[in-house]
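S.K.: Sharing a structure, written as structure tokens. Questions coming.
The values are calculated or read from the model by the stated rules, or taken from the named source; none is laboratory data. The structure presented is a predicted model; accordingly, all values stated were derived computationally and were not measured. All Cβ positions, even for glycine, are placed from backbone atoms using ideal geometry, and neighbour counts span all protein chains on display.
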Amino acid sequence: MGEVGSASAESSALLLRIDSPADGAWNMSVDEMLMERAAEAGIATLRFYEWSPATLSLGYFQNAADRATHAASLACPLVRRSSGGGAIMHDRELTYSISLPTKHPLAADPETLYRNIHGTLLQTLAEFGVAASVNEEAVVHVGGDPFLCFQRRAVGDLVVGCDKVCGSAQRRRRGAILQHGSILLRRSKFAPELPGICDLSPASSAASKVTTPELVAAWTDRWRTVLGPLENASPFTPSESAAAETYRREKYGTETWTNRR
């Protein structure tokens, strides 16, 4: 993975958002709106959020019909992301997104962004005693990639032993880059084949009891130390809320988008 770079004096502060749990269409719409704001207004945002109800998200290129192959999650709502990769069961996990204008220092190289973010998370998990590491070799699956993202392993993913616990994906548009990813904390009844960080840690350890607020607090502290300042974001303006609602109504909340493939 290489070294996580130190923040330079030229690095711009990011706005930090810690949002309440929301449904899949709203979460994806907010990420889209923040990416648009990065492109048009040069505003960079780091966002942490959860999902309610538990939701299965498809990667942009996945076929919606393939969700029928995963019986455990059939009762969950479905949403399609704008980024690629496999399906993610958003239940007992934490999702982050970072939206950057392309001129931001952290956006200079897509791979460096990916690795720097995973590097700060790796260091944060170590503080809790989680024996995670960086996956350095992609796993090729005969017959095609598994349906679920966490059954795939790409270079740069975080793993505990052979189990993937964090993966991320990017989307670029003119003037901005969006990267979002999922950190699997605990096994979900909707994806029982996937253990989380707490399940993979000794029952008596601090790692087995880590909560989402604790992880966010420790990660943002590490972020400030390594990658640069974070400033608490203000509530959305009426125009920002309206833009996100438009994306929900016209895109992420529609069957046309969800079933486009």
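S.K.: Look at the range 222-251 and say how many of its residues are under 19 Å from the mean Cα position of the chain (by Cα) and free of Cβ contacts under 8 Å to residues at least 12 places away in the same chain.
M.R.: Result for the range 222-251: 1.
S.K.: Given the options Arg115, Arg67, Arg80, name the one that is basic (Lys, Arg) and more than 21 Å from Pro146 (Cβ to Cβ).
M.R.: Matching residue, one of Arg115, Arg67, Arg80: Arg115.
S.K.: State whether one or more residues within the range 71-92 are over 26 Å from Thr220 (Cα atoms), surrounded by fewer than 22 Cβ atoms within 10 Å (Cβ to Cβ), out of contact with any Ser or Thr (no Cβ under 7 Å at 6 or more places or on another chain) and not small (Gly, Ala, Ser).
M.R.: yes
S.K.: Related question: One residue is enough: does the range 118-129 have a residue meeting the conditions at pLDDT below 90, out of contact with any Asp or Glu (no Cβ under 9 Å at 6 or more places or on another chain) and either farther than 23 Å from His90 by Cβ or not basic (Lys, Arg) (or both)?
M.R.: No: the range 118-129 contains no residue that is at pLDDT below 90, out of contact with any Asp or Glu (no Cβ under 9 Å at 6 or more places or on another chain) and either farther than 23 Å from His90 by Cβ or not basic (Lys, Arg) (or both).
S.K.: Turning to a different aspect of this structure: Return the only residue of Ser182, Ser201, Ser168 being buried (at least 17 other Cβ atoms within 10 Å of the Cβ), in contact with a helix residue (DSSP H, G or I) (Cβ under 8 Å, 6 or more places away or on another chain) and either at pLDDT 95 or above or of a type in the set (Asp, Glu) (or both).
M.R.: Residue meeting the stated conditions: Ser182.
S.K.: Is there a residue in the range 101-114 that is polar (S, T, N, Q) and within 18 Å of Ala233 (Cβ to Cβ)?
M.R.: No: zero hits.
S.K.: Would the range 213-228 turn up any residue that is part of a loop (DSSP other than H, G, I, E, B), modelled with pLDDT under 95 and buried (at least 17 other Cβ atoms within 10 Å of the Cβ)?
M.R.: Scanning the range 213-228, I find at least one residue that is part of a loop (DSSP other than H, G, I, E, B), modelled with pLDDT under 95 and buried (at least 17 other Cβ atoms within 10 Å of the Cβ), so the answer is yes.
S.K.: I've got another one for you. Considering each of Ser57, Ser20 in turn, give the residue that is among the polar types (S, T, N, Q) and assigned to a loop (DSSP other than H, G, I, E, B).
M.R.: Answer to the check: Ser20.
S.K.: If you don't mind, another one. Could you please let me know if Gly196 is within 19 Å of the chain's Cα centre (by Cα), crowded, with 21+ Cβ neighbours inside 10 Å, in a loop (DSSP other than H, G, I, E, B) and not hydrophobic (A, V, I, L, M, F, W, C)? Don't jump to the end; show me each part of the working.
M.R.: Working: within 19 Å of the chain's Cα centre (by Cα): yes; crowded, with 21+ Cβ neighbours inside 10 Å: yes; in a loop (DSSP other than H, G, I, E, B): yes; not hydrophobic (A, V, I, L, M, F, W, C): yes.
In short, yes.
S.K.: Now a separate question. State yes or no: is Thr120 closer than 30 Å to Ala41 by Cα, touching a Phe, Trp or Tyr at 6+ places or on another chain (Cβ under 6 Å) and not acidic (Asp, Glu)? Let's see the steps before the verdict.
M.R.: On the way: closer than 30 Å to Ala41 by Cα: yes; touching a Phe, Trp or Tyr at 6+ places or on another chain (Cβ under 6 Å): yes; not acidic (Asp, Glu): yes.
Yes, satisfied.
S.K.: Oh, and also: Would you point out which residue out of Ala203, Ala233, Ala191, Ala207 is of a type in the set (Gly, Ala, Ser) and in contact with a Phe, Trp or Tyr (Cβ under 6 Å, 6 or more places away or on another chain)?
M.R.: Exactly one of Ala203, Ala233, Ala191, Ala207 is of a type in the set (Gly, Ala, Ser) and in contact with a Phe, Trp or Tyr (Cβ under 6 Å, 6 or more places away or on another chain), namely Ala207.
S.K.: Can you tell me which residue within the range 229-261, out of those that are among the basic types (Lys, Arg) and outside any loop (DSSP other than H, G, I, E, B), is farthest from His118 (Cα to Cα)?
M.R.: My answer is Arg249.
S.K.: Which one of these is assigned to a helix (DSSP H, G or I), at pLDDT 95 or above and over 15 Å from the mean Cα position of the chain (by Cα): Ala68, Ala75?
M.R.: Just a single option satisfies the conditions, and that option is Ala68.
S.K.: Taking the conditions exactly as written (more than 21 Å from Ala207 (Cα to Cα), surrounded by 15 or more Cβ atoms within 10 Å (Cβ to Cβ), of a type outside the set (Lys, Arg) and more than 13 Å from the chain's Cα centre (by Cα)), does Leu100 satisfy them or not?
M.R.: On the way: more than 21 Å from Ala207 (Cα to Cα): yes; surrounded by 15 or more Cβ atoms within 10 Å (Cβ to Cβ): yes; of a type outside the set (Lys, Arg): yes; more than 13 Å from the chain's Cα centre (by Cα): yes.
Yes, satisfied.
S.K.: Right, next: Select, from Arg47, Arg92, Arg67, the only residue that is under 23 Å from Leu14 (Cα atoms) and touching a Leu at 6+ places or on another chain (Cβ under 8 Å).
M.R.: Details: Arg92 fails: under 23 Å from Leu14 (Cα atoms); Arg67 fails: under 23 Å from Leu14 (Cα atoms).
The unique qualifying residue is Arg47.
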